Structures are given as structure tokens and as C-alpha cells.
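For reference, the structure discussed in these notes is given below.
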Amino acid sequence: MASDVLVSTDWVAKQLDDSKVKLVEVDVDTTAYEEGHAPGAIAFNWTSQLQDQVRRDIISKEALEQLLSNAGIGNDDTIVLYGDNNNWFAAYAFWLLEMYGHKDLKLMDGGRKKWLEENRDTTKDAPSPKKASYKAKDPDKDLRANRDEVLKALGDKKHALVDVRAPAEYNGEIMAPPGLPETAQRMGHIPGAANVPWAQAVREDGTFKSKEELEQLYGSKGVSKDKDVIAYCRIGERSSHTWFALKHLLEYKNVKNYDGSWTEYGSLIDVPIEK
């Protein structure tokens, strides 16, 4: 299944000495990396390095070029991403790097949890990479949905909105998963959105389910290949995980991540909400 982008922990372990393969850990818990990580892996902090620090947006092309150059990553390197929470922010980084045109990207199936559960080598040493010179492309807008596009998609049969949050968030019973700070003014979901929680796409060990299981999962909720799909969650990281499954594992032609997600939509004035 899409082995060009989804790789096993075993595959990664065999590439640890390959200087052209750059391993990057991106965690929800930004302190996890310091407790031990795969040898040679560098860390990207999603709050301080992958987001604009002034306005709510992804980092600029220039900031991304600087980040990757400082990490010793060149345009022709293979970037392998992994992280905690079933690769939430690793998938977000994958989406971001694909948007800026990096060619050779991979996600480690099962992420940090699987690596640790298999008792693979870890280290607390952070590498000191030699600076590279990275050049990014302008962001590919076909991978990202904005609020205007979401509003236009309401009630449009050609579109399928998929809300990947937990049922309690979707139903408007809770604002956010316990302990997570980013919230909105209102609870509920975007009208017409199908609720397919991201966790239904993975097995107990955090690896993705088979292609057939994923096709059944999304197809049964009307999120089909012939539609223009927009995935969203609360801040855009869980929906990156679903975006990855739809675009790269099921090869949907047109699927976008709405990274504004519920923190934006649930705070907009004069938009319809369902509970």
C-alpha cells in the first residue's frame, strides 16, 4: 500500500546510516524528543517552527527554507517523518512539506509509539547537522482549503466534508480533547460534514489499516473518490492524518486539509453550525 510514502519501522531502522535519508520527529508533546528518539533524528517543534509566530498561518516559504537548511536537509534528500499521537503532527509536517514542493517524503507507519514498543535504538543526543541550502517552491494551494472555500462547499453535492474529531466534539458536547488549549466560540460541526474520527483509520499499534478497510471506512460515510474532499479537525493536525490516508493511501485525486478547522469555523460570525 503506497509503500513509496508509508514506510515501516524496519525500513527506517535499515536507513539510519544513509546520509541522504533525514529522519525528523514532530510531536504533539514537544518535550518527548528530549526523553529519547531514533538515532540521528532531528526535531521540529510544531508550535514554534511550523507555524507563523505572529499571525495564525503556516510558516512562510523563507522560514521553511531556513528551517530545512539549518537542519542540514537538501532538496534531493529523503525526509522521513514520525511522531507521537499516531503521527498527528508528523502528518501535518508531511502536508506542509508537500505543499512547499519537497519531492521525496515518507511517513513512518506507527510513529514514535511503535518504534519504542519494538525496543528499537534510541538516544538523547541531538545531532548537529552541517548547514545545507534548501530552496522551496511557492505553496501548492490545491492541498489547502480556506474558510471561503469551505463555505462555498456547504450543501454542494460535488464536495464531501469530513470531520475527523471525536464524536463528542462533532456532536457539540465538548469543545476539545481534555487538556488541549485551542478552542472556539461555539461547539458543533460544519453542516453536512461526515464524522469519521481519525483513529478509525489506524490499528491498535498505530499503523494504518489496509487499503480495503480504509476504502470501506470512508466510502460508507459518503467520502468517495469522485468528490472534492475537505478534511478538518480542531487545529488541522488530526485532519492532516486523514488527508494523508485519503490522498496517499487511497489516492483520492482532490483532497484538501482545512487547517483553520474548528478553531476558525467555530468562531466565525454568521456561519451555520450543526450539533
Computed Kirkwood radius, in angstrom, where 1/r is averaged over Cα pairs of the stretch 4-79: 13.8 Å
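Using 0.36 nm times the number of residues separating K158 and R120, minus their current alpha carbon distance, what extension gain do you get? Spell out each step's value before the answer.
Working: separation 38, 0.36 × 38 = 13.68 nm, distance 4.55 nm.
Gain on extension, K158 to R120, equals 9.1 nm.
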Of all accessible surface on the stretch 70-168 at a 1.4 Å probe, what whole percent is carbon and sulfur? 47 percent
Once you have the Kirkwood Rh of the stretch 102-199 from its Cα pairs, apply Stokes-Einstein at 4 °C and 1.567 mPa s and quote D in µm²/s. 71 µm²/s
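Looking at this model, which pairs from K22/K137; K14/K221; K22/K256; K124/K211 are more than 28 angstrom apart at the alpha-carbon? It would help to have the intermediate numbers written out before the result.
Working: K22/K137 19 Å; K14/K221 39 Å; K22/K256 26 Å; K124/K211 36 Å.
Over 28 Å apart, Cα to Cα: K14/K221; K124/K211.
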Could you check which residue among D84, D104, D142 shows the biggest mean-square fluctuation in a GNM of the chain with a 10 Å Cα cutoff? D142
Listed by chain and number, the residues whose amide H is under 5 Å from that of I58, excluding neighbours fewer than 5 places away on the same chain and using placed H, are D52
If you look at just the Cα atoms of the chain, how large are its Rg and its Dmax in Å? 18.1, 55
Give me a comma-separated list of calculated 3J(HN,Hα) values for the stretch 264-274, in order, Karplus coefficients 6.51, -1.76, 1.60 applied at θ = phi - 60°, integers in Hz, x for any Gly or Pro. 7, 4, x, 10, 6, 7, 6, 10, x, 10, 10
Over the Cα atoms of the stretch 42-141, what radius of gyration and what Dmax do you get, in Å? 13.9, 40
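Grab the other residues whose beta carbon is less than 10 angstrom from that of A38, score K and R as +1, D and E as -1, and report the net.
Numbers: positive: R112, R120; negative: E25, D121.
Neighbourhood net charge equals 0.
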Of the cross-linked pairs K113/K209; K114/K135; K106/K209; K61/K141, which ones have a Cα-Cα span greater than 24 Å in the structure shown? K114/K135
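The values are calculated or read from the model by the stated rules, or taken from the named source; none is laboratory data. Note that the structure is predicted; figures quoted are calculated from it, not measured. Cβ atoms come from the backbone with ideal geometry, glycine included; neighbour counts cover every protein chain shown. The accessibility values were calculated without ligands, DNA or RNA, using every heavy atom of the protein model including side chains. Shrake-Rupley method; radii C 1.70, N 1.55, O 1.52, S 1.80 Å.
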